[in-house]
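Read-outs throughout are calculated quantities, based only on the coordinates presented, and are distinct from any laboratory measurement. A quick note: this is a predicted structure, and the numbers were derived from the prediction, not measured. Cβ sites come from the backbone with ideal geometry, for glycine too, and all protein chains shown count toward neighbours.
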Amino acid sequence: MRYLINCTLLILIGSIAHAGRAAEPAAPDRSAPPAFAVPVMWDYSAPLIAPEPREQDPSRAQKDPTVVFHGGKWHVFMTVKLPGRSAIEYCSFERWEDADSSPRTILKISQSNYYCAPQVFYFAPHEKWYLVYQMAVPGAKYMWVAYSTTSTISDPDSWTPAKPILDGGENDPRQAGGLDYWIICDDQRAYLFLTSLNGKMWRLWTNLADFPNGFDHCQLALEANIFEASHTYRLKGTDKYLTIIEENGRRYYKAYLADRLDGPWTPVADTAEKPFAGWKNVRPAPGVEPWTDNISHGELLRDGYDQTLTVDPDNLRLIFQGMWDKHKAGMAYGQFQWRIGMLTPTVDAGD
């Protein structure tokens, strides 16, 4: 009898205690999938776009690709290394298998000997395509954050001449000139990100209604062991943003997440041993001859083409520039012979 009474009391006490805790939040579900999972392993394609053999304006490297799919075609804008200058080259095609043989056009948007590292997107409020890039201008404190526009992305001759978003002058709000300029928008603002080669990523913003003018509020967005080519995206189906940033040396990509574009960034893959994409987690696809151990200046293929820069975390592909690290020996950076390939997450990474 005493045992039954004690059990009853224990049950009653437990019920009271449970009732007292009823308003407390439930413990997090440890089995819930993360907001973003870094691919364990990627397969890389054969080179898809290589320097084109030609007598006029011979190319030494194809690099810094930016890509959208529109009108049934892929549209690729990339830096092309030419004798004595760096410029932006364009090609389009229906299938990636045809990328290297597609016609190339060097954009005639600047008289500068250095305009490169492009980013392309459709700015829906203006119903125009924007091409954002870096451009050297004599006498300027910093490089221009330059832009051109068009209503017809398939016509490479339709882009307007370069204009400055930021002109590198006395009133330029940047705390560091930086490079690899990248713009992404939410519902109210356009954000400009850049890296300054010293472990810092910077952020400026303007109201969406003022774009492409009004960028100010220069802030340090991230300080870490990072180098260049920061690219930021909205993750489809989540409330998260993803930034991937290249590290120096044998190049590889790190990854960071944030809840908002003006918020702090949390690392999710930020070492050479566990990168977003690098020599530790890439391999040639079946039938592909090995050709790179550098994963450099990459662009995630987007789910759409507008200013929100949305990517599908369940369908990741990364267009990147690659080459063997051993082939860099004794060469200046501008002499590196980059080619463009594609990374796709493996389906058998656990094998």
Inspect region 248-258 for any residue being crowded, with 16+ Cβ neighbours inside 10 Å, within 16 Å of residue 185 (Cβ to Cβ) and among the hydroxyl-bearing types (Ser, Thr, Tyr) and give the result as yes or no. no
Name the one entry in 249, 263 that is on the phi > 0 side of the Ramachandran plot and among the small types (Gly, Ala, Ser). 249
Do you know which residues across region 63-73 are more than 19 Å from residue 307 (Cβ to Cβ) and in contact with a Ser or Thr (Cβ under 7 Å, 6 or more places away or on another chain)? 63, 64, 73
State which residue pairs qualify: first residue farther than 26 Å from residue 85 by Cβ and inside region 322-351, second residue aliphatic (A, V, I, L, M) and assigned to a strand (DSSP E or B) in any location, beta carbons under 6 Å apart, and separation of 6 or more residues or different chains. 342/319; 343/277; 343/318
Is it the case that region 244-259 has a residue that's closer than 23 Å to residue 74 by Cα, in a strand (DSSP E or B) and touching a residue at least 24 places away in the same chain (Cβ under 8 Å)? yes
Would a scan of region 183-202 turn up a residue that is closer than 23 Å to residue 281 by Cβ, buried (at least 22 other Cβ atoms within 10 Å of the Cβ), within 21 Å of the chain's Cα centre (by Cα) and of a type outside the set (Phe, Trp, Tyr)? yes
Mind listing just one residue for me: the one in region 41-62 that is touching a Ser or Thr at 6+ places or on another chain (Cβ under 6 Å) and among the charged types (D, E, K, R) and, of those, farthest from residue 133 (Cα to Cα)? 43
Filter pass, residue 334 being outside any loop (DSSP other than H, G, I, E, B), among the small types (Gly, Ala, Ser) and surrounded by fewer than 21 Cβ atoms within 10 Å (Cβ to Cβ): yes
Tell me, yes or no, whether region 121-143 has at least one residue that is more than 22 Å from the chain's Cα centre (by Cα), within 21 Å of residue 343 (Cα to Cα) and surrounded by fewer than 22 Cβ atoms within 10 Å (Cβ to Cβ). no
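Here's the yes/no breakdown for (1) aliphatic (A, V, I, L, M); (2) in contact with a Cys (Cβ under 6 Å, 6 or more places away or on another chain); (3) part of a loop (DSSP other than H, G, I, E, B):
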site	(1), (2), (3)
108	no, no, yes
118	no, no, no
122	no, no, no
125	no, no, no
131	yes, no, no
141	no, no, yes
148	no, no, no
160	no, no, yes
177	no, no, yes
Pairs under 9 Å by beta carbon, first residue polar (S, T, N, Q) in region 207-221, partner not in a loop (DSSP other than H, G, I, E, B), six or more apart or different chains? 207/189; 207/190; 213/165; 213/206; 219/202; 219/203; 219/204; 219/205
